[in-house]
Structures are given as C-alpha cells and as structure tokens.
Amino acid sequence: MSNPEEKLGVDEFGRDPHVLLRVIAKFLIPLIALFAFYVQFHGDYGPGGGFQAGVILAASVILYALIFGLAEAKKAFPPRLIRYGMTLGVILYGGTGVVNLILGGEFLNYSNLASDSIAGQHYGILAVELGVLVTVTTVMIAIFYAFGSRQPETSDEDW
Amino acid sequence: MSDLFLQYNYIIVIILMMTGLYIVFASRNLIKKLAGLSVFQTSVFLLYITIGKVSGGQPPILIEDKGYGADKDGHALLEGTIQTAAGGASYILPGPGSDVLYSNPLPHVLILTAIVVGVATLSIGLALTVRIREVYRTIEEDEIEAADFVYNLEGTAD
Amino acid sequence: MNLIAAAAAEPAFAVPVLLLDICLMALLVVVAFAIVRMRSLFAIVMLQGVYSLVCAVWFVTLDAVDVAFTEAAVGAGVSTVLMLSAMLLADRKSTPVPMRRQFGALMVVVLAGAAMLYAVGDMPAFGDVNSPANAYVGMDFIGKTAEDIQIPNVVTAVLASYRGYDTFGEVVVIFSAGLGVLLLLGLNGNAGRWEAKPNGQVINDRTAPSAANVEDIRTPDQKAEGET
Amino acid sequence: MSFLEFVPDWLLAHAPAFLMALPLIMAAITAILPNKRVAWASTFIVTAILTVTAFTIALYNAEVGTTIYKMGGWAPPHGISLVIDALNAPVVVLIALMSLITVIYALPATVAEIKPNKRAPFYAAFLLCTAGLLGMTVTGDAFNVFVFLEVSSISTYVLVAMGAARDRRALSAAYNYLILGSIGATFFVIGVGFLYMETGTLNMADMARILADLDGGSRVAKIAFGFIVIGLGLKLAMFPLHTWLPGAYAYSPTPVAAFLASTATKAALYLLLRFTFFVFDPSYSYVADVLMFVLVGLGVVGMIFASLQAIFQTDVRRMLAYSSVAQVGYMLLGIGIATTASVAAGYLHLLNHAIIKGGLFLAIGAMWYRFGITRTEDFRGLGKTMPLTMGAFTVSGLSLIGVPFTAGFVSKVNLTFAAADSGWWWAVAVIMVTSILALIYIGRLLLVAYFQSPPVVNGEVVVRNEAPIAMLLPMWTLALASVFVGIWSDTMVGMAIRAAELLLGAG
C-alpha cells in the first residue's frame, strides 16, 4: 500500500506470493459486479437500487485495484472514463426530467413516458436509477483513485 | 416512569448523537473530527428510522397476493388487497380486514438521501485533510492555528 | 426487568426483538464512547466502521432494509476505505487534548442533549402506529404506490418518483463530491501542487503565503508531476 | 405585463423547475468541456438565462401571486412542491443576478487565481453552488431544503479551498467551514426530523397548517424550532456561530468571495424568515421568546462586537467579512422586532447588503488582481492608481455606512423607524453607534486611498493601472445599483413590504 502505483511484484525466485489471492479475486470480482447488477435491476422488488448497486460495482473495481495494483486498475477502468461517467449519470437523471418537460408534463413526471402512466413510471424509475448507478460508481472510483494516487509522505515505520 | 420505557429508543439515540457531536467539538485532530461527524450523522439517521418504526410491522416491500384470498395463516385478505391493472400483481395492503402492517417508508427514503450526502461531505473533508497535511505537515488543529498565527502577524508575502 | 415487563404488557412488542435492540444499543454506546477515548487514528477509523455496521444491523430490526443495505455498503465499506486511505496520507496518531479544553465542548453537548431529553416526554411511543409521523403522509405512500406505480418496493417508488427531485439533488451532491475531490487531489494525485520562482525565490503550495524557509521534500519526479 | 407577453406559456408554467434543472445539468456538461473559454461561455449563457428566468418569475409573481409547481406531477404533501411567492421571488432574482455578475467578473479573475486545467470544473462547481442556492430558496419541502443546502455547501467548500493556489490558509478555512457547515446542516435535519415527528409531513405549508391546529405543538415542536434556528444560524453566520466566515471570505478566490458574501448567508437568512414566520408563527410563545431574546440579543451583540473586530483587522477582506457578520445583526434585529415594518426593513437590508457587499468584494478582488493588495496600508494612493475601482469601492462603502441617497441608508432608516415605532430606543442607539463604527472602518480605507500618495516600488512611483473592463463593469453595476436603490427606493421597499405582509399581515 506504500506505493500503490507500483504493480505488486514477484519474489526473488520469480514466484508470485499473492497467487492465491489473485486467483480467488479473479473469480470473485465478476461475481461482485454481477451482484451489483442484480441489486440494480431487482431494486423494484426487493431492497436495493441504483445507489447500493453503484457502491458495490465500485467496490469490485476498488478490490481489483487493491489486489492487482492501481496501475492495472487504471488500465481496466481508465480515469478518462470517470469524468464522462460522472456527467453521464447526472444527464441521464436530469435528461429524463427534461424529456418529461418536453412531453408536456412536469419535471420528473414519468407518467407521460408511455401511453400507460404506470408503464411510464416504470420506465422513468429504470432510467433515473441507471443515472444514479453511473454517477455513484464513477464518483466512488474517482475518489478512490484520487486518494490512492496521492503520494504518501509518512513512512511505514510510523505505524 | 413507564412512559419513558416506551421511548427508550429516543433516549439512546440522543446519547449517541451527543457523543458524536462531542467527538467533533472536543478533538483537535482533523481525521478524528471527521470520524465524529460521521458518528453524529449516523446517529441522526437512527433518530429518523426509529420514528418510522411500526411495532409488528415489516419492511415496506409490498407482499404480493398470490390469489388465494388468504395468507398462509388463513387470515382473510380481501379487504386489504388492491387489484391492479390487467396482468398486474395485487398487493396486500394494511387496512381493515388485513393484519399486515408495514413500517413507514418515508424516513427510509429521507435517510437514503442523507447517507449519500454524508459520504459526500466525508470525502471532501478527507481530501481537504490530505491537502492540509501536505502543506502544514500536521493534522492537529492547534499546530495549524499556530502556523497561521505566525502568518497573520507577518502579513502576506509581497 | 421493569422494561421487559412493560414490553410484555404491550402485545406489539416481542421480547426477543427488544433484547436484541437493547444489545445493539449497548454496543453502539460502547463503540461511540470508545471512539471518544481512542487516540490511535487506525482504531478510530475501524471503530467508526464498526459503528456503522452495528447501526446497519439495527436498521434491519427497525424494518429499514434498504437503509441497512446502504449503511453497510457506504458507512462500513466506502467510508472506512476512504478514511483509511486518507489516514495513510496523513498521521496515525492524534495528540490528546487536555481535559480543561474539552470542558466547553462538554457544556455545549450537555445543553443540546438536555434540550432534546426535555422533548422526549412528548414524543410518541416507539413503534406507535398511530403517531403523527406514521399515520399521515408516510403511510399514504404504501397505498399510493400500489395504485400509481405498482412496484413492490415502496422505498424505491418514493425515492425515484414521489421524491425523485430529492434524489436528483442526491445525485448532484455525489457529483459535486466527485468534482471536488478531482479539483482538490486530482485523479493522478497531483492537483494543488505548484511551484513558482518570482525573483529567484522558490515558493510552492507548501510555503504560500509566506516564502519563509520551508524546504521542499518532494522527489524530483513528484516535482515534475506537479508542474504539469 | 408587456415583457411577459413575449414569454411562452410553457416557460411561465415550468420556470421554477427550469431554475434548477438548467444549471444542474449544465454543470455536469461544463465539468467535461475541454476548453476553458467554452466552459466560461457556457457558464455565462446559463447564468444569463437564469437571470432572465428569475426576472420573469418575479414579474409573473407580482401579477398572479403565489404559484405552486408540483414536481413530478405529485400534489403536495406527497410530492415535493416548489413555491414562488412574494418572499422568495426577490431572493431568486438576487441570486441569479449575482451569479451572472460574478461570472463576468470571473473571466479575468480566474486567469490569476485558478490553474487553466481546473477552470472548467471550477465553473461547474460554481454552477452547482448557484443551483443549490436557488433550489433551497424556491422549494416548499423542508427536507428538500437540506438536500439543496448540501448541494450548495459542498460545492462552496471546494470553491473556498480553490483559494489554496495563492494562500494555503484557504484549506484550513474550507475545513472549518465544512465542519461547522455540516454540523449546521445536521442540526437542521434534527429539527426537521422533530417537526416530522410532530406533524407527520414535510411540506412547509402543511406543517404550518398542522402546527396551527396544534396551537404551536408540544415540546417536540419547541425543540425542533430551536435546532432549526441554530442550524440555520450556523449557515447565516449569526454572531457566536460566525467563526467560519472570516476565513472563508478572506482566503477564497475573489469571485467566490464576492458571490458567497452576497448570496450564501442571504439564502440561509431567507430560510430563517421562512421557518420563523411561515412554518412556525410568532404568535406561539416560544417563537416570540426566541425572536425577542435570541435573535435580537445575538443580533445586537453581533453588530457591536463584529464591527469592533472589523476595525482592528489589517486584512481588508477579513475586515469586510466581520462587517458582514455585523450586517447580519441588523437583519436579525429587524426580524426579531417582528412587526411588519421591521421585518420589511430586515428583508430590505438583506437585499441591499447583498448588492453592497458584492460590490465591495469585487472591488477588493480587482485591487488584488492588479497590485496583490490585501492589507489596509496597501490602499495608499489607490485613488490615483486605480481611480475607477476605488470609485466603485467608495460608492459601495458609503452605502455600507448608510450615507443618504444610497441603498444602505434606505434600509437603515427603515429599520430605525421600525425600531422607534415599537419603542425600542436602545436599538435605535445601537444602529447609530454601529453606523459610526462602519464609518470608522470604511473611512479609514478611503482616507488612506485618497489622501496618501501612491507607494514607491523599486525607485518608481506606481502609476495608474486600472482593472480590466470585465471587472469594472460588474462592480460599477452593483455600485450604481446601490445608488439607484437609494434614490428610487419605492420598488425595493414595496417588494420588502409585500414580503413582510405575506409573512405577518395575513396571519
């Protein structure tokens, strides 16, 4: 953790001391991401929703960064995407409201998204929850990248 | 005296809130202050959620009526159900004839929002702490104030 | 045992749930008091995570499953990770504050607490289904959701539709937190670092406003990074 | 009337939502714009549209009265409603106008203060702050106030911290503001929670109705009121809770300082008015007690102490910040006397002080931009080296003191008469004394600027070096506005009286 930019190295015999950790993580991280999407799309029926799913999805990237190093994580999820992702989420949410305005209803009145007001509500909730997911995921990853990339000034002996 | 027992939750929550507030006010370390703020805010969440609790209630996730007209304990549910539009499910609602009770969903919604606001504040506070540590070499408020005091006397550099 | 007798007299209260509640509350109080006494920042951060997790458990017993989910993911997860990574960039220990300097804080807290305790007597009983909070707008959402929106999770319906505007604000808050952290730290960890040489005298983010003799402890490549 | 004919109906109907949705969505887009000029242009266009919308809203409100916008199509109390009435329409115009003025000023100012690659996110944060302030002003839902309060606060903490590029004290100032601001917001949330416990609703009008039915409510409502006043007091820099303010104003980037000084505390003060007179009512004994002893007491103590502190400051921006705390005292005094005339005077001072302080901070910012001036002794010869900037500073400064034919005079005279009508002669005396104190701390600067010769740097006398036109235009707009308000005061006074009648006249 002292130098997170550096890829976790191998020992002097060329072996990877963290092989077990990495194998398990490779297996686990897709499952965590999958669970995030379950939470996202099951939010209408059980506990969950965009915010919880976003945090879990971000946690999968953070776990990847902790195990494979921040540089690898930045290759997998480039920082450039983050700024666009943050914006995209807000636009998805606000844009849904603007579409409602254009269709003649109030801001965020989803009823006019479909001919049936209940179906319209369902579409609207789906769209805004997606916006929440995108923003929360990217912001959480952004914050982790920002803290992780900063060079620490205290040495490990201070512990 | 027995009245107070029915409100024991509020008493505990107030103690917790004030403990959090005390950590913020009494400590002079920037990170500890933020931890205290977090405890304070989490305790306020507890206040809201305890307001919305209904005894004997269940989480506000509507139970679908499978069309048997009664739940597994044999209670008649007809009065309390709502039949929705064609193809839709019908839900068991509280009301006369129904013994289902849900807890109040509104405080839950408010607190979901507040949790997000709390983590946003925390992350900005931590980012500021990191920057302060870099430029002042300390995260103890007393030392920061001492350093600023010197500058205030000197005036700003030309 | 008076409490349990009172609970047993009130049929709506289940004694095991009450005992669980009391255990959780006791745990919360212990953890909160421990944070007050702790000096090691690592312990404080971890205890803060524990506090959030215990709160999440209590939220489950209070029927707030969505909130419990979020609190566990955010309070115990993300917040703890963030505080740990910030602590890595800062210090490990906090210096103790002498008791006499905590007196003012204690007074403020005792006053605010006493004010709230004064109001406890007029508060509705815990779990009262007929309290104003539970009998009016909040409970209407259950019937309205079944009618207007027709999804089982009432919390999602209220969050995204009835109070969707609040949630828009929430998304914006998160966005501004992301924006703020990017402005303050930068995605590559070099925001806010600068250096200038007016009149041949080196000043940088550490020394401004005074150009007094503060040595620059950064490595050369860090300096190069700061310039960009 | 004539102007409104040109406004399409859908805009009139949806203007309240437009007021937040536009800056929030555009803030997200501005944050990713690659070019700093484009980012400025987009911010400028957004704030210009906001200003037009705000004026439309105010005119429309004057014509048709209170309007309620049902957000999401859900009727209150279940949905969140936006309310435009005589009380918040002027505040909306103020915030939108100040954001436009600040953005024009920021074009040159950011060149000196914000790194080029940070400018697009900086403008985005600025738009978020504006949207948050507008949001908390127009909402009719108590919890929604908290959400938008935090939108504006979080972006404000960041904006203040951006001052670290030239002074590291901006970081500790931002941290202090964050801790106290969060405690304030949390106190507010506790208050709203207690109110919810008492009334079962979050809609302000509904709360007011239920509280009136309960005849003021039980102890829970009393404590709720106390926590809301303390929470908002932290945000509006009520006297002993103002400790975050001098640092935040003094070390933040100059456009941010001007914007904060003229809007942030004003929006919080508006909320205090809204809760004290609209949700609660001065006829409840506990509200009357708080008005009489807490707001008036702290207001008066703040007026005197903060004015004295302002005199002893060497940093001009800290001096102006303490003066702001003192001016908040005037507004609290007006609110605390709680007659229609006094509340109108306090409200008028809220609007006028925003114009005055905005102008002063913009002028100080221009002086810093040209000469790096922050200290009082640096004002030597500014009357010669920056005559136009100093002119704007002088006009706004005289208005702050309360010289006749300026905005400050109108509101202070109204406040004095209101206090005298209620027989509060000691309050009249305090207003006089603090005006003299204001004369001392502003006059001291004017003397140094006009009657001392410019300093000699490297053997040469500093020559005239005027601020760029993009800085002069905003500051003179505000300076002339304060003269305009001072001479043709009827419109503003009428607005203030309508607002006060809305709060007190009817009920």
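Rule-based calculations on the coordinates, nothing more; no lab input. Owing to the predicted nature of the structure, the values given are computational and were not obtained by experimental measurement. Here Cβ is always computed from backbone atoms with ideal geometry, including for glycine, and neighbour counts include all displayed protein chains.
Rounded to whole Hz and in sequence order, give me ³J(HN,Hα) for the range D:15-28 from the Karplus expression 6.51 cos²θ - 1.76 cosθ + 1.60, θ = phi - 60°, writing x for Gly and Pro.
3, x, 5, 4, 4, 9, 4, 4, x, 5, 5, 5, 4, 4
Taking H placed 1.01 Å from N in the peptide plane, check which residues at least 5 places from B:Tyr102 or on another chain put their amide H under 5 Å from its amide H.
B:Gln58
For a quick check: with amide H placed at 1.01 Å from N, whose amide H comes under 5 Å from D:Asp141's, ignoring anything fewer than 5 positions away on the same chain?
The answer is D:Ser81, D:Met204.
In percent, how large is the relative contact order of chain D, given Cα pairs closer than 8 Å and 6 or more residues apart?
Working: 877 pairs, mean separation 71.1, N = 507.
14 percent.
Could you sort D:456-467, D:116-127, D:300-311 so that the peptide with the highest average Cβ count within 10 Å comes first and the rest follow in order?
Ranking, from highest mean packing down: D:116-127, D:300-311, D:456-467.
Excluding B:Pro60 itself, what net charge comes from residues whose Cβ is under 9 Å from its Cβ, given Lys and Arg +1 and Asp and Glu -1?
That sum, taken over residues with Cβ under 9 Å, equals -2.
Taking the Cα centroid of the range D:219-289 and of the range D:152-179, what is the distance between the two, rounded to the nearest whole Å?
Going from one Cα centre to the other spans 20 Å.
Based on the Cβ-Cβ distance from A:Val19 to D:Glu460, what FRET efficiency comes out when R0 is 51 Å, to the nearest 0.05?
Values: r = 72 Å, r/R0 = 1.40.
Taking R0 as 51 Å, the efficiency between A:Val19 and D:Glu460 is 0.10.
Once you've got the Cα coordinates, tell me which of A:Lys75/B:Lys33; D:Lys70/D:Lys222; A:Lys74/D:Lys115; D:Lys235/D:Lys357 are over 28 Å apart. Could you put the intermediate results ahead of the total?
Numbers: A:Lys75/B:Lys33 35 Å; D:Lys70/D:Lys222 30 Å; A:Lys74/D:Lys115 25 Å; D:Lys235/D:Lys357 17 Å.
With Cα atoms farther than 28 Å apart: A:Lys75/B:Lys33; D:Lys70/D:Lys222.
At 222 nm, what helix-only mean residue ellipticity would the protein assembly as shown give, in deg cm²/dmol to the nearest 500, using -39500 (n - 2.57) for each DSSP H run of four or more? Each step should come with its number before you reach the end.
Working: 43 runs with 697 residues, N = 1052.
Here the helix-only value at 222 nm equals -22000 deg cm²/dmol.
Exposure proxy check: D:Ser252, D:Ser411, B:Ser43, D:Ser489 ranked by fewest other beta carbons within 10 Å?
Working: D:Ser252 29, D:Ser411 33, B:Ser43 25, D:Ser489 21.
Fewest to most other Cβ atoms nearby, the residues stand as D:Ser489, B:Ser43, D:Ser252, D:Ser411.
What are the trypsin sites (Lys or Arg not before Pro) within the range C:60-139 that DSSP puts in a loop, where the Cβ has at most 15 other Cβ atoms within 10 Å? Mind showing how you got there, number by number?
On the way: sites: C:Arg92, C:Lys93, C:Arg100, C:Arg101; in loops: C:Arg92.
When the trypsin sites (Lys or Arg not before Pro) of the range C:60-139 are filtered for loop state and at most 15 Cβ neighbours within 10 Å, C:Arg92 remain.
How many Cβ atoms of partner chains, on average, are near each residue of C:32-44 if near means within 10 Å of its Cβ? The partial results should precede the final answer.
Details: counts 13, 5, 0, 10, 9, 0, 4, 3, 1, 6, 1, 0, 9.
Partner Cβ neighbours, averaged per residue: 5.
Could you tell me the distance between the Cα centroids of the range A:83-118 and the range C:170-189, to the nearest Å?
24 Å
Using modelled backbone amide H atoms (1.01 Å from N, in-plane), which distant-in-sequence or interchain residues come within less than 5 Å of D:Ser422's amide H?
Counting only residues 5 or more places away or on other chains, the set is empty.
Express as a percent, rounded to the nearest 5, the fraction of DSSP beta bridges in the protein assembly as shown (both residues included) that run antiparallel. Could you put the intermediate results ahead of the total?
Working: 21 of 22 bridges.
Roughly 95 percent of the beta bridges in the protein assembly as shown run antiparallel, per DSSP.
Mind checking the mean number of beta-carbon atoms from other chains within 10 Å of the Cβ atoms in D:80-89?
Working: counts 8, 1, 3, 0, 0, 0, 0, 0, 0, 0.
Mean number of neighbouring Cβ atoms from other chains: 1.
Mind checking D:120-132 for the average number of partner chain beta-carbons within 10 Å of each residue's beta-carbon?
Numbers: counts 1, 7, 2, 0, 6, 4, 0, 0, 7, 1, 0, 3, 4.
Taking the mean over all residues of the peptide, I get 3.
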